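The values are calculated or read from the model by the stated rules, or taken from the named source; none is laboratory data. None of these values were measured; they are calculated from a predicted model. Note that we place each Cβ from the backbone using ideal geometry, even for glycine, and neighbour counts take in every protein chain shown.
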Amino acid sequence: MILVTGATGFVGQALCAELSRRQMNYRPVSRMLRPGFVAIGAMDGAVDWSEALAGVETVMHLAARVHVMNESAADPLAAFRAVNVDATANLARQAASAGVRRFIFLSSIKVNGEATAAGKPFRASDTPNPDDAYGRSKLEAEQALLAIGAETGMEVVIIRPPLVYGPGVKANFASLMKLSARPFPWPFGAVRNRRSLVYVGNLVDFMLLCARHPLAGNRVFLISDGEDLSIGQLISKLSLAKGKKALMLPVPPALLEGLAAILGRKAAAQRLLGSLQVDISETRESTGWSPPYSVEEGLAATVAADTTSAR
C-alpha cells in the first residue's frame, strides 16, 4: 500500500492517475472530506496519521505549502515551517513507528539555490544554498527526514525537481503558454540562458521507480527532462505545439535586464533570462532511469490539455 499526501494537487493528481493506470494499491489523503480519500484536516505537526498509515509500506509525501509569488503571511518562514517541516516530521515519525519501509519526499531545487552559472549545473552533492523561506523550509524538512531515517531505519528518498509542467499546470507557466500563441514578436532571440524543466509524467515515473528501486533508499536525487531550454526555445516549442511559429527578435540581454530594473521587475527578469540547470547524470547512473517522455511530448500534452479545458 502506498500513501499519497497532496493527492489533490497538480503532481498528486498525476501520481494517483498513474497509480490507478498501473493498478497499484494506494491511499490518497486530503485535508477535506472527499469520496475515496482519507481526510486529515489541517496539515500541521499535530495530525494523527494512525488510520491513514494502517498497512502502508511506502509514503509519497507531496503535500506542502508551496512557493507563492505574492506572499501574504506576516512571517513567511514560520508559515512554511508549520506545513513543510513540522507536519512532514510528524508524519515521518508516525510512519516509522507504523512500520513504513520507505518515505519519498518531494522537495524542490530551490534547496540548491535560485540560479546557476554557465556550465555549472546543480548537483545533488552541492552544498544547499536556499534563497527564500520556501527553499529553507524544504531544506529543513530534508534534514529532519534524514535524521528520523537514521534513527529509525526507515529509508528516506528525497527528490528535488525544478519547475514542473504538464496538463493542469498553473501560475507563470500557464500564462506563458497562453501568450505563446499570440502573433507578436518576442525579444528573446539573443538570450542564451539554460533552464531545466521536468514534465509531470517524467517526475511521476521517477517517483514510482524510487518506491521499488533497491538502491534508491537514503538518497537525494535531482530530476529533469534531460534537455535544457533557453526562454526563446521554450516559447518556440510552446508555439509550435499550438501550430504557430514564434518570431524572436535579437534584443541584447543587457538591454532587457536594464529595462526590467527600471520597471522594478528584476526578479521577473531573472526567471526569464537567468539560468537554472540540474545535472541528472547521477540519477541516471545510480537508478538506470531515463525520462520516458521527451520535452516535445510533454509540452504537446500540456498544450493539448489547456486547449481542451478552454473550450
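Quick rundown of the values:
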read-out: Check on residue 302, in a helix (DSSP H, G or I), buried (at least 18 other Cβ atoms within 10 Å of the Cβ), touching a residue at least 60 places away in the same chain (Cβ under 8 Å) and touching a Gly at 6+ places or on another chain (Cβ under 8 Å); value: yes
read-out: Hits in the stretch 200-251 - residues which are within 21 Å of the chain's Cα centre (by Cα), part of a loop (DSSP other than H, G, I, E, B) and of a type outside the set (Gly, Ala, Ser); value: 213, 218, 223, 225, 227, 228
read-out: Any hit, the stretch 147-159, residues being acidic (Asp, Glu) and at pLDDT below 95; value: no
read-out: Members of the stretch 94-128 found to be hydrophobic (A, V, I, L, M, F, W, C) and outside any loop (DSSP other than H, G, I, E, B), listed by number; value: 95, 96, 103, 104, 105, 106, 109, 111, 122
read-out: Candidate set: the stretch 210-245, residues that are small (Gly, Ala, Ser), in contact (Cβ under 8 Å) with a residue 60 or more places away in the chain and out of contact with any strand residue (DSSP E or B) (no Cβ under 6 Å at 6 or more places or on another chain); chosen: the one surrounded by the fewest Cβ atoms within 10 Å (Cβ to Cβ); value: 226
read-out: Some residue of the stretch 248-268 being surrounded by 18 or more Cβ atoms within 10 Å (Cβ to Cβ), within 21 Å of residue 177 (Cβ to Cβ) and touching a strand residue (DSSP E or B) at 6+ places or on another chain (Cβ under 6 Å); value: yes
read-out: Answer residue from the stretch 86-99, given it is hydrophobic (A, V, I, L, M, F, W, C) and surrounded by 23 or more Cβ atoms within 10 Å (Cβ to Cβ) and is nearest to residue 1 (Cα to Cα) among those; value: 95
read-out: Those residues of the stretch 1-22 which are of a type in the set (D, E, K, R) and in a helix (DSSP H, G or I), in sequence order; value: 18, 21
read-out: Matching option when the condition is within 25 Å of residue 59 (Cα to Cα) and not basic (Lys, Arg), among 209, 256, 234; value: 209
